[in-house]
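Okay, structure first, notes after.
Read-outs: derived from the displayed coordinates by stated rules, not from any lab. In this text, all values refer to a predicted model and were calculated from it rather than measured experimentally. Here the Cβ positions follow ideal geometry from the backbone for every residue, glycine too, while neighbour counts run over all protein chains shown.
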Amino acid sequence: MPGAAPSTSSSALPEQVHGFDLSSVFRTVATTVPEQELLVAGDLRLTYGAVDADVDALARFLAGRGLGCHTERQALAGHESGQDHVGLYLHNGPEYLEAMIASYRARAVPVNVNYRYVAEELVYVLVDAGTRALVYHSCFAPQVAQVRDLVPTLDHLVQVPDDSGEALLPGAVWWADALASGRDGEAAGVELPRPTGDDLYVVYTGGTTGMPKGVLWRQDDMYVTSMGGTPFGTTEPYTSYEAIAENARNAAGGMTLLMALPFMHGAAQWSTFHMITSGGKIVLPPDPRTFDARSVLETVVREGCVSLPVVGDAMVRPLITELEARSYDLSGLAAVNNGAAPLSPAVRSRLMELLPHIIVMDAAGSSETGLQMSSMSLKGMEAEAATFTPVPTTTVVSEDLSRVVVPGEEQGSGGGWLAQRGRVPLGYLGDAEKTARTFPTIAGERFSVPGDRAEMLPDGRIRLLGRDGVTINSGGEKIFAEEVERAVGAHPAVRDVIVVGRPSERWGSEPVAIVSVASPVSDEDLLATASAHIARYKLPKAILRVDHVVRSPSGKADYRWAKEQAEALPGA
């Protein structure tokens, strides 16, 4: 089996231990193409070799303070972690990537922290993760000062300077001093541990419908399914680190990707390691704290970016507005890659009218499954809405979780459950009950079934219906919020829309659309457009106008916020 252990030699490839680990994947590429650029952030341009040196230094800083692995995987249940956890409370920047990989190299586990959380939410995640160290930008120092005493496990703080002017917190260490300490440790002969493919990759869910949960993966499983360990267009993973090194050598610099998604989002981390595996370059927009369409497009042109990941209509609509207002030479842009939130057909079509040469790739997956399926659209050959070609391990299981659905099988109006088999997560951190519920065993095989409704079509494709947690049961009929969102969003005046259910005396629950518009439009016009795409019983019973639809930094709909708005409407 392919595997990993880092080498302290700058030239030797890692040996194989329990599969690929992410530190050794990066070390392999960094020692193969050390002079190639990896990261561009404003005026800063970092090579693979420079980043690897910082990773080594920070890993020694962490290891020197006792952070690492204390219980090996084979002695633990699926919902348990035997490694120390390092919170990453950062905007996008070199420090995020370096801290993430350095944690892996020290056999600690980086934990993504949503930088928009208020104090209560921040405490919840840091306590739930048992966070021992926190790396944070200075602008978040006031929040860290507010919560640090409420997190009993939090022993170490590393502060990354920014333009906020915030002073170093008492007991914290500046980022540069942490690196210097790690380099002193190297000079003193401090040894790094040997990571393995059994070490954890942890991603916290967004918590848009409930409290966030930490999903525990073996690094080998996550890398092979979703982070570049299986070459694009194939179904067989790399067989060795030498194969990864050869791929990086032959890629001749690889592709250049514009990363406008926050690194704290799983999809951004997955895309990043896809680029790393091919020796590619990642470019960050000038201001990582906000999504500015003009700045993004100017950066794509200046850096010759080939790929642009996006998250649904919330990111693509501003890009369309900017493309309609100004001219950009985007002849070098080959693909817009959408994931984590739906891209409505009307928005996709308009994007391809403006950029007829590009491919629009839609991917579906989740923190609990990894990448599951995709569709590809070209100008004049648009993919059917919410319909995807699955990878071999993606399927649909029956509603009672008793069997795998076969193509063309009658599945009822609510469909079955979208499921993943094969390489799936170990569990949810600290939650044995939810682990058993989400990762059931069916006919002797373990599956991941996180709660998305889907239909298996006769041709083997899968139609995604929607997340069960936001399904609206109205008069005995199941209405999928995402389906109604696509229908309302088909109107060109709609900037953004979220649909939720609210209590109804007549129907039990009824759909309400929370809408942000770019130009004046009546409710009647919105409903007329939507009625061309969905049955009348699915149409919103009320439409609420807002200046701005609230989403997570990754672009996912915040259904908790939307439900509060809907239930506050007169007549709710």
Hull volume per residue for the range 251-385, using the convex hull of the C-alpha atoms, in Å³ is 108
When the charge dipole of the chain is computed with +1 on Lys and Arg Cβ and -1 on Asp and Glu Cβ about the Cα centre, the Cα farthest towards its positive end, among ASN473, ASN92, ALA53, belongs to ASN473
The helix 241-250 Cα axis meets the longest alpha-carbon principal axis of the chain at an angle in degrees, between 0 and 90 and rounded to 10, of 80
Semi-axes in Å, largest first, for the range 411-539 (Cα gyration tensor, √(5λ)) are 33, 16, 15
Here the relative contact order (percent) of the chain, from C-alpha pairs under 8 Å and at least 6 apart, is 12
Packing-ranked peptide list from 492-500, 99-107, highest mean Cβ count within 10 angstrom first, is 99-107, 492-500
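Can you bin the range 60-144 into rounded, prolate or oblate? Criterion: square roots of the alpha carbon gyration tensor eigenvalues sorted a ≥ b ≥ c, rounded for a/c under 1.5, prolate for a/b above b/c, oblate for the rest. Don't skip to the answer; put the middle values down first.
On the way: a/c = 2.26, a/b = 1.41, b/c = 1.61.
The shape class here is oblate.
Residues with beta-carbon under 10 Å from that of ASP220, excluding ASP220: net charge, scoring Lys, Arg +1 and Asp, Glu -1? Numbers along the way, then the final one.
Numbers: positive: ARG218, ARG423; negative: ASP21, ASP198, ASP199, ASP221.
Computed value for this residue: -2.
Do you know the relative contact order of the range 251-385, to the nearest whole percent, from alpha carbon pairs under 8 angstrom that are 6+ apart?
Details: 232 pairs, mean separation 26.8, N = 135.
Rounded, it is 20 percent for the range 251-385.
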Ranked output for segments 556-563, 138-145 by mean other Cβ atoms within 10 Å, highest leading, reads 556-563, 138-145
Stokes-Einstein D for the range 475-567 (10 °C, 1.306 mPa s, Kirkwood Rh from Cα pairs), in µm²/s, comes to 120
The ³J(HN,Hα) series, computed from each phi in the range 421-436 with the Karplus coefficients 6.51, -1.76 and 1.60 at θ = phi - 60°, rounded to the nearest Hz and given as x for glycine or proline, is 10, x, 7, 10, x, 6, x, 9, 4, x, 10, 5, 5, 5, 4, 5
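At a 10 angstrom cut-off on C-beta neighbours, averaged per residue, how do the peptides 501-511, 274-284, 159-169 rank from highest to lowest? Let's see the in-between values first.
On the way: 501-511: 16.9, 274-284: 23.9, 159-169: 14.7.
Ranked from most to least packed, the peptides come out as 274-284, 501-511, 159-169.
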Along the range 62-75, Karplus-curve 3J(HN,Hα) (6.51, -1.76, 1.60; θ = phi - 60°) to the nearest Hz, with x for Gly and Pro, reads 5, 4, x, 9, x, 7, x, 9, 10, 9, 6, 4, 5, 9
Whole-Hz Karplus couplings 3J(HN,Hα) for the range 221-226, θ = phi - 60° and coefficients 6.51, -1.76, 1.60, Gly and Pro as x, run 5, 5, 5, 5, 7, 9
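Find out how many positive minus negative residues lie around GLU564, taking Lys and Arg as positive, Asp and Glu as negative, among other residues whose Cβ is under 14 Å from that of GLU564. Mind showing how you got there, number by number?
Numbers: positive: ARG502, ARG560, LYS563; negative: ASP558, GLU567.
Around GLU564, the surrounding residues sum to +1.
What is the magnitude of the charge dipole of the chain about its Cα centre, with +1 placed on the Cβ of each Lys and Arg, -1 on the Cβ of each Asp and Glu, and no other charges, expressed in debye to the nearest 20? List each step's numbers first, then the result.
Details: 47 positive and 70 negative charges, 129 e Å.
Using only the charged Cβ atoms, the result is roughly 620 debye.
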per DSSP, antiparallel bridges as share of beta bridges in the chain, % nearest 5, sits at 60
Expressed in angstrom and rounded, the centroid-to-centroid distance over alpha carbons for the range 524-567 and the range 8-80 is 43
Under the rule rounded for a/c under 1.5, else prolate if a/b exceeds b/c, else oblate, using alpha carbon gyration tensor axes a ≥ b ≥ c, the range 109-204 is classed as oblate
Dipole check, the chain, charges on Cβ (K,R +1; D,E -1), about Cα centroid: among THR239, ALA364, ALA252 the Cα furthest to the positive pole belongs to ALA364
If the label point sits 7 Å along Cα→Cβ of ASP155, residues of the range 42-72 with amide N under 18 Å come out as 58-72
For the chain, longest principal axis from Cα atoms; helix 312-325 axis from its Cα atoms; angle between them, nearest 10 degrees, is 80
A correct Stokes-Einstein calculation for the range 389-466, using the alpha-carbon Kirkwood radius, 37 °C and 0.692 mPa s, returns a whole-number D in µm² s⁻¹ of 258
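In nm, what is the difference between 0.36 nm times the number of residues separating GLU445 and LYS379 and their Cα-Cα distance?
Working: separation 66, 0.36 × 66 = 23.76 nm, distance 4.09 nm.
Computed gain between GLU445 and LYS379 is 19.7 nm.
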Charge tally for neighbours of GLY422 with beta carbon under 10 Å away, counting Lys, Arg as +1 and Asp, Glu as -1, is +1
Longest principal axis of the chain (C-alpha) makes with the long axis of helix 293-303 (C-alpha) an angle, in degrees to the nearest 10, of 50
Taking the chain and counting helices only, DSSP H stretches of n ≥ 4 at -39,500 (n - 2.57) each over all residues, the nearest-500 ellipticity at 222 nm comes to -9000 deg cm²/dmol
Farthest towards the positive end of the dipole of the chain, among THR321, VAL25, ALA490 and with Cβ unit charges of +1 on Lys and Arg and -1 on Asp and Glu, lies the Cα of ALA490
